[in-house]
Amino acid sequence: MWIPLFTTSLWNTNTIHLWKTKYIQRRASPLYLPLLERRSSSAPRFTIPCIQAVQVDTSTDSQWNNAPLEEPLMTTTSERPSVAKQNNNHLGNTLDPSLMDSVKKRKQRAKEEPLCIVVVGASGDLAKKKTFPALFSLYYHDLLPNDFLIVGYARRPMSQEDFRNSIMESLTCRVIDGPQCQQKMDEFLPKCHYMSGMYNKTEDFVRLDQLLNNFEQSFPNTRVDRLYYLAVPSQVFEDVVHHIHYSGRTKRGWNRIVMEKPFGKDTTSYLQLRNSLRNCISEDEIYRIDHYLGKELVQNLMVLRFANYLFEPLWNRDHIASIQIVFKENFGVEGRAGYFDEYGIIRDIMQNHLLQVMALLGMEQPVTLHAEDIRDEKVKFLRCIRPLKASDFVLGQYRDRQNPQRSYLSEPGIVNNSHTPTFAACVFQVNNRRWSGVPFLMKAGKALDERKAEIRIQFQSVPGGLFSQIVSSHLPHNELVIRVQPDEAIYMRILSKAPGFTSRLEEARLNLFYRTAWEDSKDIPDAYERLILDVIHGEKSLFIRDDELEVAWNIFTPALKEMELTQDAWKPILYDYGGRGPVESDYLAAKYGVQWSEGD
Ligand SMILES: NC(=O)C1=CN([C@@H]2O[C@H](COP(=O)(O)OP(=O)(O)OC[C@H]3O[C@@H](n4cnc5c(N)ncnc54)[C@H](OP(=O)(O)O)[C@@H]3O)[C@@H](O)[C@H]2O)C=CC1
Ligand SMILES: O=C1O[C@H](COP(=O)(O)O)[C@@H](O)[C@H](O)[C@H]1O
């Protein structure tokens with residue numbers, strides 16, 4: 001028997017003052033609690049017999065901490081060691097001295113062990129824009145090992161000089177752009193070498209191995225490690241990993257392989273790829289990167305939610321009307337046809353970056369801050385998302401009427417009449433107690449009006465008509481905005497009385513602008529710096545676990561399949577380069593009573 005009174009909003013330390021129970025059937029689910037009492041000095045005491053409760057482990061959930069357990073309900077105090085730990089330090093296990101000690105030692109060792117870094121796909125956009133600048137920045141901040149060699153590997157023939165010139169263009173020193181920066185670049189570039197080779201030829205990988213061995217031989221008495229960074233589309237992974245396994249492993253230290261998203265194209269290709277890679281590398285050696293997890297504001301999501309009292313009680317369907325997660329870029333595909341035309345924006349941005357953000361927004365509080373606990377919660381949340389249908393989407397493709405050469409279809413390498421979307425908007429439904437009925441809207445597009453990634457959480461409108469004489473229409477929703485980039489910020493849109501004799505209400509903001517709040521905010525490391533450093537240190541919490549990916553693909557695969565089978569029906573709508581994208585995405589949001597929030 002469920003009694004509506006006992007909804008999740010009441011089921012916590014704020015409302016339940018004292019528990020008393022006898023006869024607990026510990027392993028039975030559901031649990032029958034023969035007697036539940038609520039006592040308060042002022043309120044009359046009442047007893048409700050026979051409540052059916054869900055079997056939950058309450059041991060580390062903050063909503064249960066400090067609840068006075070007269071007779072313990074589901075666990076005993078001795079069974080809650082992590083609670084004690086969390087009470088002692090707010091970051092739980094991360095401050096455990098023995099753990100800190102071993103992390104310190106691991107970092108120290110990583111600094112001392114010589115390292116070979118191979119960037120596969122070094123001729124590409126990612127390598128140039130993100131990987132090499134991140135490696136340089138780590139070098140600049142003295143975070144790479146004392147001795148290292150970097151090899152760029154790709155099919156395109158290129159001289160060492162051309163290669164170094166091409167990466168030099170995108171290196172920056174973030175803060176000090178002075179003589180020291182130039183000196184560091186001059187030291188860094190000679191450590192970078194280029195080798196042209198195929199992804200499926202054994203003899204080319206044997207040549208690569210010889211180059212790495214030559215470097216290793218300069219360090220006869222120490223461990224030497226190898227890090228392979230696969231900056232290539234995932235259809236090449238199988239060949240590359242196979243060759244690394246047979247011809248590219250070092251026996252003198254660890255081998256780690258970083259793989260870029262999207263990992264596969266749907267559930268079937270993902271599983272096939274995963275199974276075939278398992279013959280060559282262990283899960284320990286794989287680092288599936290999603291660089292959005294390394295972004296400062298994405299890292300802050302868990303802190304914002306779980307280290308503040310303010311947000312969590314409001315973080316549910318009773319208070320939140322909708323959530324929007326938006327990614328916009330003000331440039332097109334620009335030379336990436338070889339990768340992009342095969343994948344499109346849904347696989348490029350939504351299935352990975354934005355879904356990861358959504359998981360961090362929607363999941364329950366993890367038991368600890370350990371990688372596995374966080375990833376467990378993300379998987380649980382993702383499993384509650386209803387798989388998408390094609391009709392949950394609006395698709396678009398950019399064209400430039402003034403300058404047709406900039407249109408997507410004019411990009412060199414795009415197949416004639418390609419239906420690949422460069423814009424998509426969609427709506428998710430989450431079937432769980434916290435989120436049922438709250439639409440999660442997602443939008444991602446290239447060649448739009450601005451470059452921006454942000455999260456907008458819209459709260460319910462205020463009930464009652466207290467201000468109806470002052471404001472004729474509905475009061476606007478409060479909105480929490482988390483701007484991931486550019487110009488990182490967290491702010492809350494609220495209503496306030498305009499100052500002075502007026503009684504006018506105006507929208508105002510409670511601001512946390514990183515630029516002004518923290519002096520060293522200019523020095524926020526790029527996501528790739530953080531993540532590559534984590535790989536070197538063997539730290540996996542910001543990398544994607546295999547079951548996470550499987551669930552993520554399960555959400556998108558039905559829609560992707562449907563779009564492929566009925567291609568003509570799902571031809572993307574053309575939109576103008578530099579615009580807002582197809583207006584149909586507004587209609588999609590309107591179906592759920594939502595308007596995309598724009599501007600500040
Ligand atoms: N660009 C970015 O900002 C980001 C990209 N990524 C991911 O990185 C990966 C690579 O992306 P990006 O560098 O942009 O793409 P590119 O199109 O620039 O591809 C990278 C390199 O891979 C090789 N390549 C491209 N297409 C194929 C193909 N069909 N078959 C075999 N080799 C191919 C090419 O090297 P060559 O022909 O010389 O061998 C190319 O230089 C993707 O998985 C992407 O999702 C992730 C985050 C950011
Ligand atoms: O993964 C990708 O991300 C970039 C955008 O990254 P950002 O850090 O600049 O936001 C995107 O351009 C690219 O298409 C995609 O593959």
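Odds and ends about this structure:
- Taking the stretch 321-335 as the range and being surrounded by fewer than 19 Cβ atoms within 10 Å (Cβ to Cβ) and not acidic (Asp, Glu) as the test, the residues that pass are Asn330, Phe331, Gly335.
- The requirement of being over 30 Å from Glu454 (Cβ atoms) and either of a type in the set (Gly, Ala, Ser) or within 12 Å of ligand 2 (Cβ to nearest atom) (or both) is satisfied by Gly253.
- Residues in the stretch 97-133 that are within 11 Å of ligand 1 (Cβ to nearest atom) and among the aliphatic types (A, V, I, L, M): Val119, Val120, Ala122, Leu126, Ala127.
- Among the strands (runs of 3 or more DSSP E) confined to the stretch 182-277, the ones with at least 1 residues that are open to solvent by less than 10 Å² (accessible area, probe 1.4 Å), out of contact with any Lys or Arg (no Cβ under 7 Å at 6 or more places or on another chain) and away from ligand 1 (no atom under 16 Å from the Cβ) are located at 225-230.
- Pairing each residue of the stretch 179-207 that is closer than 13 Å to Val240 by Cα with any residue that is assigned to a strand (DSSP E or B), provided the two are 6+ apart or on different chains, yields C-beta distances under 6 Å for Gly197/Tyr153.
- For first residues located in the stretch 540-567 and in contact (Cβ under 8 Å) with a residue 60 or more places away in the chain, partners that are open to solvent by less than 30 Å² (accessible area, probe 1.4 Å) and among the small types (Gly, Ala, Ser) and lie 6+ apart or on another chain with Cβ distances below 7 Å form the pairs Lys540/Ala371; Ser541/Ala371; Leu542/Gly294; Trp553/Gly264; Ala559/Ala390; Glu562/Ala390; Met563/Ala390.
Results for (1) over 20 Å from Ala359 (Cα atoms); (2) not aliphatic (A, V, I, L, M), shown as yes or no for each residue.
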residue	(1), (2)
Asp449	yes, yes
Glu454	no, yes
Leu480	no, no
Tyr491	yes, yes
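Condition check ((1) of a type outside the set (D, E, K, R); (2) within 16 Å of ligand 2 (Cβ to nearest atom)) across all residues:
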{"residue": "Phe311", "(1), (2)": "yes, no"}
{"residue": "Asp318", "(1), (2)": "no, no"}
{"residue": "Val326", "(1), (2)": "yes, yes"}
{"residue": "Val333", "(1), (2)": "yes, yes"}
{"residue": "Gly338", "(1), (2)": "yes, yes"}
{"residue": "Asn352", "(1), (2)": "yes, yes"}
{"residue": "Leu355", "(1), (2)": "yes, yes"}
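- Lone qualifier among Phe428, Phe459, Phe440 - being within 21 Å of Glu564 (Cβ to Cβ), open to solvent by less than 40 Å² (accessible area, probe 1.4 Å) and at pLDDT 95 or above: Phe428
- Meets criteria (touching a Lys or Arg at 6+ places or on another chain (Cβ under 9 Å), within 20 Å of Asn300 (Cα to Cα) and at pLDDT 90 or above) for Leu510: yes
- Residues being within 19 Å of the chain's Cα centre (by Cα) and acidic (Asp, Glu) - total across the stretch 280-333: 3
- Meets criteria (within 16 Å of ligand 1 (Cβ to nearest atom) and surrounded by 12 or more Cβ atoms within 10 Å (Cβ to Cβ)) for Gln485: yes
- Against the list (1) part of a loop (DSSP other than H, G, I, E, B); (2) away from ligand 1 (no atom under 12 Å from the Cβ), the condition Phe331 fails is (2).
- Of all residues in the stretch 343-363, those that are under 23 Å from Arg305 (Cα atoms) have Cβ atoms under 6 Å from Cβ atoms of residues that are assigned to a helix (DSSP H, G or I) and basic (Lys, Arg), 6 or more apart or on another chain, in Ala359/Lys378; Met363/Lys378.
- In the set Met350, Met358, only one residue is part of a helix (DSSP H, G or I) and either within 25 Å of Gly579 (Cβ to Cβ) or within 14 Å of ligand 1 (Cβ to nearest atom) (or both); that residue is Met350.
- Against the list (1) surrounded by 21 or more Cβ atoms within 10 Å (Cβ to Cβ); (2) more than 13 Å from ligand 2 (Cβ to nearest atom); (3) within 27 Å of Ile532 (Cα to Cα), the condition Gly344 fails is (2).
- In the stretch 298-328, the qualifying residues are those that are part of a helix (DSSP H, G or I) and over 14 Å from Met358 (Cβ atoms), and the one that is nearest to ligand 1 (Cβ to nearest atom) is Gln299.
The values are calculated or read from the model by the stated rules, or taken from the named source; none is laboratory data. Quantities reported herein were computed from a predicted structural model and do not represent experimental measurements. In this analysis, Cβ positions are derived from the backbone assuming ideal geometry, glycine residues included, and neighbour counts consider all displayed protein chains. Surface accessibility is based on the protein's heavy atoms, side chains included, excluding ligands, DNA and RNA. Shrake-Rupley method; radii C 1.70, N 1.55, O 1.52, S 1.80 Å.
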